[in-house]
Amino acid sequence: MRSFQDAQFAQAYQVLSSLPADATAEQFRAAGPRIEEAALTLGMRYELIGLLVFREIMPLSLVAQSTGSVAVQFWGKMRAWVEEQREAEAQPHLLEWCQWLMEQLEKRGRRAEPPAFVRYRDWRAPAE
């Protein structure tokens with residue numbers, strides 16, 4: 001999973017963080033070309049992760065625990081733009097696995113769950 005979350009990933013997410021949670025396609029485009037580049041960087045990473053989850057190579061639970069809330073937040077910022085791009089470019093499959101993954105993560109809904117540092121505060125490593 002670490003190879004998916006490198007400096008380029010962090011930089012792309014930081015660029016997208018300037019957008020509102022449910023950005024319109026107009027807000028997205030008005031933010032400039034760096035936003036689009038960042039969205040494609042993250043979107044293509046999540047595209048691969050989505051396909052790996054679907055093919056049962058990577059468990060959805062691992063994705064949810066490692067990047068779930070970040071991924072869903074990012075998707076909200078670019079959903080309208082992706083839908084508009086699909087229409088404008090006649091590419092209905094653009095980031096299809098990314099969207100599928102985000103929908104699976106949204107179904108899981110981790111918002112009510114306390115963060116790991118609270119839930120597992122008393123965790124102990126198994127004796128070796």
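Observations on the model:
- Residue within region 69-80 that is surrounded by 15 or more Cβ atoms within 10 Å (Cβ to Cβ), touching a residue at least 60 places away in the same chain (Cβ under 8 Å), assigned to a helix (DSSP H, G or I) and not aromatic (Phe, Trp, Tyr) present: yes
- Among the residues of region 27-40, those identified as assigned to a helix (DSSP H, G or I) and at pLDDT 90 or above are 27, 30, 33, 34, 35, 36, 37, 38, 39, 40.
- Some residue of region 86-98 being touching a residue at least 12 places away in the same chain (Cβ under 8 Å) and among the aromatic types (Phe, Trp, Tyr): yes
- Picking from residues in region 11-24 that are assigned to a helix (DSSP H, G or I) and at pLDDT 90 or above, the one that is surrounded by the fewest Cβ atoms within 10 Å (Cβ to Cβ) is 14.
- Considering the conditions (1) modelled with pLDDT under 90; (2) farther than 25 Å from residue 15 by Cβ; (3) crowded, with 18+ Cβ neighbours inside 10 Å, residue 60 is excluded by exactly one of them, (1).
- For residue 90, the stated conditions do not hold, so it cannot be described as of a type in the set (Gly, Ala, Ser) and on the phi < 0 side of the Ramachandran plot.
The values are calculated or read from the model by the stated rules, or taken from the named source; none is laboratory data. No experiment lies behind these values; they were computed from the predicted model shown. Quick reminder, even Gly has a Cβ in these numbers, built from the backbone with ideal geometry, and neighbours come from all protein chains shown.
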